[in-house]
Structure formats: structure tokens, C-alpha cells
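In what follows, a single structure is set out as C-alpha cells and then discussed.
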Amino acid sequence: MFIIYIEQIFETENEGKSEGEKMRKILIVIDMQNDFIDAALGTKEAAAIVESVKSKIRSYPAADVIATMDTHFENYMETQEGRYLPVPHCIKGSEGWKIRPEIAGLLEGAKIYEKPTFGSTALAADLKALSEKEEIELELIGLCTDICVVSNALLLKASMPEVKISVDAACCAGVTPEKHKAALETMRSCQIQVENG
């Protein structure tokens, strides 16, 4: 009798909750730009995830998709990154900087963060502010697993330690397959959930 009563209370409490009051899951699409897919820094592994990324984006409401764009300028080779990685890429306005057209078409209306380095502090700050207003969880996909995906995942985890953060390994690619796997292990160690990997 007591158990039935508790169950009835639980059902009553949840009866009035609308779909919008459930935890909001947000997809973050990292740097799906031409230069990382099949141009300056492209790899066959990056090209291979394009269809999976498109399917993943379609599985989310448009309002819950955010993207980032690696964004450099003509002085790239003079920057610290340019000295360590002397391959000009994602120069603002160039073809290589643009998001892959078929992915860009799925991101219409999405908030896009242009970032001059691996992780976006503006993205982390905005999502932290959102997490203080409503319950959210985050999923990351994109390029490259071992540079910008892991950087953003760790930055988000440091900003919001109690928010569930996951990465879909099937929708990510690293600079090499070995670095992809190593980055996934790093994220697992930091309590970021790794799916499909």
C-alpha cells in the first residue's frame, strides 16, 4: 500500500511537466571546415565522418545545435600556433575557412563561434551561463579529436564539472588514428563520456 502511494505521488509530480522541462541536450559541432576535411590539413578519416556528422546534426532540434569555426588571419605564420604548425589554414574568408557546404546547410540559424585558438572561452562562458538557468547536457563532435575537440571538451568540463559532457567518437577524427584514440582516452580520464569509441 505504501509503495503504491509513493508511485502515485511520483506520477502526479511529473504529470504537469511539459516536453520543454526535460533536460536540454545541446550538440556542439567543432570545426567541420574544408581545410580540416580535404584541403590544407585534411585527412581521409576526416572526410569519412562527414555523413555521420550530417546524420547527428539532423537528430537534434535546430535550436539545440551550436558550431565553432577555427579562424585565423593573414598573420597566421607570425602567431605561436603558426610557428608550431607552419601550415596556413582556416584564413578568414578563404574557401578552406568555410564549413563544408552540406554541413553548413544544416547549421542555418545555429550560433557559430569563430575562435582564434583551439578552445573557445566564449562558448564555455555562454554555456556555463545557460547551465545556471536550466539543466543541460552537452555532446561534442567534429575535428580534430586530438586538438580542438579535446580542448573544448576539457574547457567545458572545467567550467561546468557537474554537467554531463559526451563525445561521439564515430563523428570525430584526429590528425592520425593513433592521436584520435589517445585523445579519447584523455577525455575518458577526465570523466567525459565517450560514445562509439
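How about region 156-197: which of its residues are among the hydroxyl-bearing types (Ser, Thr, Tyr) and more than 13 Å from the chain's Cα centre (by Cα)?
Selection gives Ser159, Thr176, Thr186, Ser189.
Report yes if some residue within region 90-111 is basic (Lys, Arg), touching a His at 6+ places or on another chain (Cβ under 9 Å) and touching a residue at least 12 places away in the same chain (Cβ under 8 Å); otherwise report no.
Within region 90-111, one or more residues are basic (Lys, Arg), touching a His at 6+ places or on another chain (Cβ under 9 Å) and touching a residue at least 12 places away in the same chain (Cβ under 8 Å).
If I go through region 170-189 residue by residue, how many of them are assigned to a helix (DSSP H, G or I) and buried (at least 18 other Cβ atoms within 10 Å of the Cβ)?
4
Within region 55-73, count every residue that is surrounded by 11 or more Cβ atoms within 10 Å (Cβ to Cβ), more than 20 Å from Leu130 (Cβ to Cβ) and among the charged types (D, E, K, R).
Residues in region 55-73 being surrounded by 11 or more Cβ atoms within 10 Å (Cβ to Cβ), more than 20 Å from Leu130 (Cβ to Cβ) and among the charged types (D, E, K, R): 2 in total.
Does region 162-169 contain at least one residue that is within 19 Å of Met32 (Cα to Cα) and surrounded by fewer than 16 Cβ atoms within 10 Å (Cβ to Cβ)?
no
How many residues, within region 118-140, are part of a loop (DSSP other than H, G, I, E, B), acidic (Asp, Glu) and in contact (Cβ under 8 Å) with a residue 12 or more places away in the chain?
Of the residues in that region, 2 qualify.
Applying the selection to region 38-75, what residues are touching a His at 6+ places or on another chain (Cβ under 8 Å) and among the acidic types (Asp, Glu)?
Within region 38-75, Glu45, Asp70 meet the criteria.
Conditions tested, residue by residue: (1) closer than 21 Å to Pro61 by Cβ; (2) surrounded by fewer than 16 Cβ atoms within 10 Å (Cβ to Cβ); (3) small (Gly, Ala, Ser).
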| site | (1), (2), (3) |
| --- | --- |
| Gly82 | no, yes, yes |
| Ser94 | no, no, yes |
| Gly105 | yes, yes, yes |
| Gly109 | yes, yes, yes |
| Ala129 | yes, yes, yes |
| Glu134 | yes, yes, no |
| Asp146 | no, no, no |
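The numbers here are math on the coordinates, done by the rules we state, and not lab data. Treat the numbers as computed from the prediction; the structure is a model and nothing was measured. Note that each Cβ is placed from the backbone with ideal geometry, even for glycine, and that neighbours are counted across all protein chains shown.
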